[in-house]
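The values are calculated or read from the model by the stated rules, or taken from the named source; none is laboratory data. On a predicted model such as this, the values are computed, not experimentally measured, just so you know. Here the Cβ is made from the backbone with ideal geometry for all residues, glycine too, and neighbour counts use every protein chain on show.
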Amino acid sequence: MKAGAAVIRVWIVDADAMVRRVLMEQAERTEGLKVCGESADAIQALQAIRSYDRQNPSRPDRFGAAFYLLLGETAEGSDWDHELAVCREHLILDLLPVTGDRSYRHLVQARRDGTVDYLLKPFDFERLREGLKRYVRFRAECRPDLEVTQQAADRLYGFTGTATGPMAASEFAARLLQYARERGPEGFGANEAAQALQISRGTAKRYLDQLVRQHSLTVEARYASRGRPSHWYRMIYTKTEESNHESESTE
């Protein structure tokens, strides 16, 4: 975090107290974020943020207002739209949904609300930490007297390095499927895939398990003499593809 950069006030939202506690712990571990409160309901959270800001005025940031991040469940409907608009009249309020709603309707609504990221439950801790850190870096670079660079926009939306934002998901899946085809019937582990694609093991395993759920890969547990079993992934072939593979390997 750069010296003099504004601290972003965070409000945690989820109906489940345990989930709120987990989100709070991760936000508090992220430099540049300060958890100011929590709510079980998203609309109530917006009202609480306005009340908190009136009671705890901060030195305005270079944008002329305090930064707030609503982390957790958002909402929909006219009441939500109204409260969000009122909040943004006086505050710089960003949204980072962490939701169990897997409908595209909810995703489209979130994009319309101006979210900075989007996480689905059950979420990966590493993915959440990466998203929070990327958001803080972006906000630290914001300068009202400068034009936005493509690099800054890429960092926010997850187009750099090993970013795992929504737009990068299909690329990871495609690369892992190609690697699975190259390995053939012998299969591979998450560590090998991570090294081959130059991504973290956690990221590789997350997308490998997603491909298993989509019935593109199979997985089996391999037991060693000591320690936990390892997971071994293989491509799912049609009978024709499998016979072609066997023919190629015997040539």
field: Tally of residues being farther than 14 Å from F125 by Cβ and surrounded by fewer than 19 Cβ atoms within 10 Å (Cβ to Cβ) across the range 200-209
entry: 1
- request: Collect the residues in the range 103-136 that are assigned to a loop (DSSP other than H, G, I, E, B) and surrounded by 11 or more Cβ atoms within 10 Å (Cβ to Cβ), keeping them in residue-number order.
  value: D113, G114, V116, D117, Y118, K121, F123, D124
message: Between a residue in the range 66-78 that is on the phi > 0 side of the Ramachandran plot and any residue that is in a strand (DSSP E or B) and of a type in the set (S, T, Y), which pairs come within a Cβ distance under 9 Å, given they are 6 or more apart or on different chains?
response: G72/S39; G72/T99
The one condition in (1) in contact (Cβ under 8 Å) with a residue 60 or more places away in the chain; (2) crowded, with 17+ Cβ neighbours inside 10 Å; (3) assigned to a helix (DSSP H, G or I) that V98 fails to fulfil: (3)
- prompt: Hey, L119 hits all of (1) within 15 Å of the chain's Cα centre (by Cα); (2) modelled with pLDDT under 85; (3) closer than 30 Å to S78 by Cα but one; which does it fall short on?
  reply: (2)
